[in-house]
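Q: Take this structure, written in structure tokens, and hold onto it; I'll ask about it next.
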Amino acid sequence: MNGLLIAPVLLPLLLGILSLLLWHHVRAQRVIAVAGTGLLTLLSLRLLIGIYRHGIQVVHLGNWEAPFGISLAADLLGAIMVVLASITGFAIALYSVGANERQRECFGYYPLVHILIMGVNGAFLTGDIFNLYVWFEVMLMSSFVLLALGGEKPQIEGGVKYMALNFFSSVIFLTAVGLLYGVMGTLNLADLAVKVRGTESTGMLVVIGCLFLASFGIKAAIFPLFFWLPASYHTPPPAVSGLFAGLLTKVGVYAMIRLFTLIFTPDLVHLHGLILGLAALTMVTGVLGAAAQFEFRRILSFHIVSQIGYMILGLGLFTPLALAGSIFYLMHHIIVKTNLFLIAGIVHYRFGTGELKSLGGLYKTAPWLSLLFLIPALSLAGIPPLSGFFAKLLLVMAAVDIHAWGMIATALGVSLLTLYSMTKIWNEAFWKDAPTPPPPARTDQSTILMMIPVILLATITVVIGFGAGPVFRLALAAANQLMNPSDYIHAVLGVSP
Amino acid sequence: MSTLILRTATRYVAPLMLLFSIYLLLVGHSYPGGGFVGGLAASSAFALYALAYDVDTARKLMHLSPVSLSAIGLLLSALSGLIGMVHGAPYLTGQWTSLDLPGFDPIKIGTPLLFDLGVYLVVLGVTMGILFALAEEEG
């Protein structure tokens, strides 16, 4: 297990280095990207299976024992996230090869993608809060360059907003880490979880908790700090926005779930009610924002915001079932959202625009693509038997258990509006007659290769839907681990709290 | 800038700077120094060449492109951690061996030195990459 646990971080690093060494050989970089991320997916699946069978795994890097050294600790949630990140990486690698953007691929596109995946996986596996900050930075650095690579004017404009807000978030994050270290004298997550139980300065903990909430709130794009996301996600090439849409905000959600189940638990700081309120506002503002948009990827960007609300709704409710719902939602969302962005990209490549007004009749010209769009779109809206239905069902059931009727009404209402948005895209882009003159179909670009990852992700959506039972059991097991942090603490520190 | 005095001086000073950078790299584990500072010292030697002569001369002197240099450095650092894993220890665990030369005290050699060498090359590569890009934009 020792080697398997470090692999999700080390393998992307080695892939990135190899791609750097082969700077001028784009074809070799493509082969490395596809084969490497494929291998990464297999390894992370093995890691997940191993953790499911044998419990939480820990590696103390450099053989320095926790809490003095830096540990990597993988529980089920971490391993699930690593698997999702690897699958997304694999899909993006395939799609990038198909998209054939030569001028970007020559300027370090693949090394950056690998390093981004390394940063994301590192954030999912680290057991040290300062290390979490470092992985965030690794991820952000490469995302800045990926966002601006190509240097088109809207890209730079979106990039500046993205960078400014995320830097601000990093400053808050670092301040919070500093304060936490000042109060507790440790940075190891498990050690922190032990020490906060015995502290007297709970007032300070609330302040620190709020700072973390603000910082992760910006990164996860929750209300009222979400506006950078719809301003930037539609600007880079489709493969990059697919990667960002699938992974980046979810790292923020993951960090929030990790800290607010392990350290800032409801019995210590009373922030979960606030999280619940923010979740509701995030869901509503996101979906209303989407209703006002008429550009394919902008609509999808606003829906990311709205969906993030569902994920932290489970955290706010704070029951095992609710957390399982959040985790299920994460699994469903990463796959579906990446897929929708990739489909929007194919439409963009083939018809040269993402404006719904100037699209139309895709149902006739691209019937298979239309079918493939319907799967993630209906899943996003929560139509059974697709994955989104079960994710929402779990959250609603969890809310019924604790009689949070207002949250149920919000969740269901937002779900209905999501369906409206997806119907809007369907009607405008696929169903209505093609506008006159019809958008010129570009034939210089083959989109066949780009369909492979779309089909792959759509299949996973269907599989999660039909295999909801086993997936739910996995999510519930992960949630139970989060609700009982003593296992995590024991695995890292080797002593029972 | 490129006067005869500077050019002549560079030919004597730059090798000394490189030598000093390697000294910094080697003592870094126990004394002030290390891969990062060593890399900076080495890059100032090449930067001096670029100032006294021109960027092309400095590029030729380095033999490898800054990108490859940083990539090789990263590879060395990443691999230095793997050596411990071969012995069943966690990633990045230091492995030490002793080099006995007749007439000298035994010299301790370990994976941290390899890691530092990687850092040295990355710093050299990245600094030179930035400097060359700036200098070429100006000229």
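The values are calculated or read from the model by the stated rules, or taken from the named source; none is laboratory data. These figures come from a predicted structure and were not determined experimentally. Every residue, glycine among them, receives a Cβ derived from its backbone with ideal geometry; neighbour counts consider all protein chains shown.
Q: Output yes when any residue across the stretch A:113-127 is within 25 Å of A:HIS333 (Cβ to Cβ) and free of Cβ contacts under 8 Å to residues at least 24 places away in the same chain, and no when none is.
A: Yes; the residues of the stretch A:113-127 include at least one that is within 25 Å of A:HIS333 (Cβ to Cβ) and free of Cβ contacts under 8 Å to residues at least 24 places away in the same chain.
Q: Has the stretch A:62-84 got any residue that is at positive phi and within 14 Å of another protein chain (Cβ to nearest Cβ)?
A: Looking for residues that are at positive phi and within 14 Å of another protein chain (Cβ to nearest Cβ), one finds at least one in the stretch A:62-84, hence yes.
Q: Of everything in the stretch B:60-106, what is surrounded by 20 or more Cβ atoms within 10 Å (Cβ to Cβ) and at positive phi? Give them in sequence order.
A: Listed by number, the list holds a single entry, B:LEU92.
Q: Go over the candidates A:GLY69, A:GLY3 one by one and state the one that is without any contact (Cβ under 8 Å) to a residue 12 or more places away in the chain and assigned to a loop (DSSP other than H, G, I, E, B).
A: On inspection, the qualifying residue turns out to be A:GLY69.
Q: Take the residues in the stretch A:288-344 that are in contact with a Phe, Trp or Tyr (Cβ under 7 Å, 6 or more places away or on another chain) and of a type in the set (Val, Ile, Thr); name whichever of them is farthest from A:GLY277 (Cα to Cα).
A: Per the criteria, the residue is A:ILE343.
Q: Please name all residue pairs, on different chains or six or more residues apart, with Cβ atoms under 8 Å, provided the first residue is in the stretch A:41-60 and is within 14 Å of another protein chain (Cβ to nearest Cβ) and the second residue is among the aromatic types (Phe, Trp, Tyr) and not in a helix (DSSP H, G or I).
A: Once the first residue is within 14 Å of another protein chain (Cβ to nearest Cβ) and sits in the stretch A:41-60, its partners that are among the aromatic types (Phe, Trp, Tyr) and not in a helix (DSSP H, G or I) give A:VAL59/B:TYR91.
Q: Within the stretch B:85-98, track down each residue that is closer than 18 Å to A:VAL9 by Cα and within 23 Å of the chain's Cα centre (by Cα).
A: B:LEU92, B:THR93
Q: Pick out the one residue from A:THR199, A:THR186 that is over 24 Å from A:LEU248 (Cα atoms), among the hydroxyl-bearing types (Ser, Thr, Tyr) and in contact (Cβ under 8 Å) with a residue 24 or more places away in the chain.
A: Checking each option against the conditions leaves just A:THR186.
Q: Within the stretch A:205-220, is even one residue surrounded by fewer than 20 Cβ atoms within 10 Å (Cβ to Cβ) and either aromatic (Phe, Trp, Tyr) or touching a Pro at 6+ places or on another chain (Cβ under 8 Å) (or both)?
A: Scanning the stretch A:205-220, I find no residue that is surrounded by fewer than 20 Cβ atoms within 10 Å (Cβ to Cβ) and either aromatic (Phe, Trp, Tyr) or touching a Pro at 6+ places or on another chain (Cβ under 8 Å) (or both), so the answer is no.
Q: In addition: Select from the stretch A:474-497 the residues that are part of a loop (DSSP other than H, G, I, E, B) and over 17 Å from A:THR265 (Cβ atoms) and list them in ascending order.
A: A:GLY494, A:VAL495, A:SER496
Q: Something else now. Can you pull out the residues in the stretch B:114-139 that are aromatic (Phe, Trp, Tyr) and over 20 Å from B:LEU18 (Cβ atoms)?
A: B:PHE115 - this is the single residue of the stretch B:114-139 that is aromatic (Phe, Trp, Tyr) and over 20 Å from B:LEU18 (Cβ atoms).
Q: Right, another one. If we only count helices (runs of 4 or more DSSP H) wholly inside the stretch A:95-155, which ones have 1 or more residues that are among the aromatic types (Phe, Trp, Tyr) and out of contact with any Leu (no Cβ under 7 Å at 6 or more places or on another chain)?
A: Ranges flagged: A:109-125, A:129-148.
Q: Every residue in the stretch B:1-35 that is touching a residue at least 40 places away in the same chain (Cβ under 8 Å) and among the polar types (S, T, N, Q), please.
A: Result: B:SER2, B:THR10, B:SER21.
Q: Being in contact (Cβ under 8 Å) with a residue 12 or more places away in the chain, assigned to a helix (DSSP H, G or I) and farther than 20 Å from A:VAL58 by Cβ: is that true of A:ALA176 here?
A: yes
Q: Moving to a separate point now. Of the residues that sit in the stretch B:69-110 and are closer than 20 Å to A:ILE70 by Cβ and among the polar types (S, T, N, Q), which one is nearest to the other protein chains (Cβ to nearest Cβ)?
A: The selected residue is B:THR93.
Q: Okay, next question. Which of the residues belonging to the stretch A:14-46 are surrounded by 21 or more Cβ atoms within 10 Å (Cβ to Cβ) and aliphatic (A, V, I, L, M)?
A: A:LEU15, A:ILE17, A:LEU20, A:ILE32, A:ALA33, A:LEU40
Q: From the list B:LEU51, B:LEU64, which residue is outside any helix (DSSP H, G or I) and within 14 Å of B:MET128 (Cα to Cα)?
A: Exactly one residue qualifies, and that residue is B:LEU64.
Q: Looking at the stretch A:63-75, can you tell me whether even one residue there is farther than 23 Å from B:GLY88 by Cβ, in contact with a helix residue (DSSP H, G or I) (Cβ under 6 Å, 6 or more places away or on another chain) and small (Gly, Ala, Ser)?
A: no
Q: Among residues belonging to the stretch A:13-40 that are assigned to a helix (DSSP H, G or I), of a type outside the set (A, V, I, L, M, F, W, C) and within 11 Å of chain B (Cβ to nearest Cβ), point out the one that is nearest to the chain's Cα centre (by Cα).
A: A:GLY16
Q: Tell me whether the stretch B:28-51 contains one or more residues that are more than 23 Å from B:ARG7 (Cβ to Cβ), within 10 Å of chain A (Cβ to nearest Cβ) and either at pLDDT 90 or above or within 15 Å of the chain's Cα centre (by Cα) (or both).
A: No, that holds for no residue.
Q: Considering only the stretch A:56-66, state which residues are over 20 Å from B:SER77 (Cβ atoms) and not in a loop (DSSP other than H, G, I, E, B).
A: A:GLN57, A:VAL58
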